[in-house]
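Enquirer: Just passing along the structure, written as structure tokens.
The values are calculated or read from the model by the stated rules, or taken from the named source; none is laboratory data. None of the values given here were measured: they were computed from a predicted structure. Methodologically, a virtual Cβ is constructed for each residue, glycine included, from the backbone with ideal geometry; neighbour enumeration extends over all protein chains shown. The area values use the complete protein model at the heavy-atom level, side chains included, leaving out ligands, DNA and RNA. Shrake-Rupley method; radii C 1.70, N 1.55, O 1.52, S 1.80 Å.
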Amino acid sequence: QVQLVESGGGSVQAGGSLRLSCAASGYAIRDNIYIGWFRQAPGKEREWVATIFEVETYYSDSVKGRFTISHEDAKNTVYLQMNSLKPEDTAMYYCAAGWPRDWARPNDYNYWGQGTQVTVSS
């Protein structure tokens, strides 16, 4: 089984930065597993943010150019560097793992972390 633990959330003013971490256990990220970041604000649908698979990365249009997904092999951890944060980025952020048919579809992922809250004030 794959276990995921997110960390790094917090409160920041608009224009600031945060780096989220997703620490994985039970499976090596380098062994061909997709890791995705999703976010969900109260009353809204869960929204895809970014996905990494080996050296390939994918981003939603809303975060492209501001967020960067990466991984550190030695720590088996995926990061989401978030720059130029906006109030609309406020949400609970989740990492997910699996082998999705569509990497932007939440239901296609097998494993989920518990989430970390990001709040951006104007």
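Enquirer: Scanning the stretch 11-43 for residues that are among the aromatic types (Phe, Trp, Tyr) and closer than 24 Å to residue 119 by Cα, which turns out farthest from the chain's Cα centre (by Cα)?
Expert: Result: 38.
Enquirer: How about the stretch 15-40: which of its residues are surrounded by fewer than 14 Cβ atoms within 10 Å (Cβ to Cβ) and among the aliphatic types (A, V, I, L, M)?
Expert: 28
Enquirer: Are any residues in the stretch 53-68 open to solvent by 10 Å² or more (accessible area, probe 1.4 Å) and either assigned to a strand (DSSP E or B) or of a type in the set (Asp, Glu) (or both), and if so, which ones?
Expert: 53, 54, 56, 57, 58, 59, 61, 68 - these are the residues of the stretch 53-68 that are open to solvent by 10 Å² or more (accessible area, probe 1.4 Å) and either assigned to a strand (DSSP E or B) or of a type in the set (Asp, Glu) (or both).
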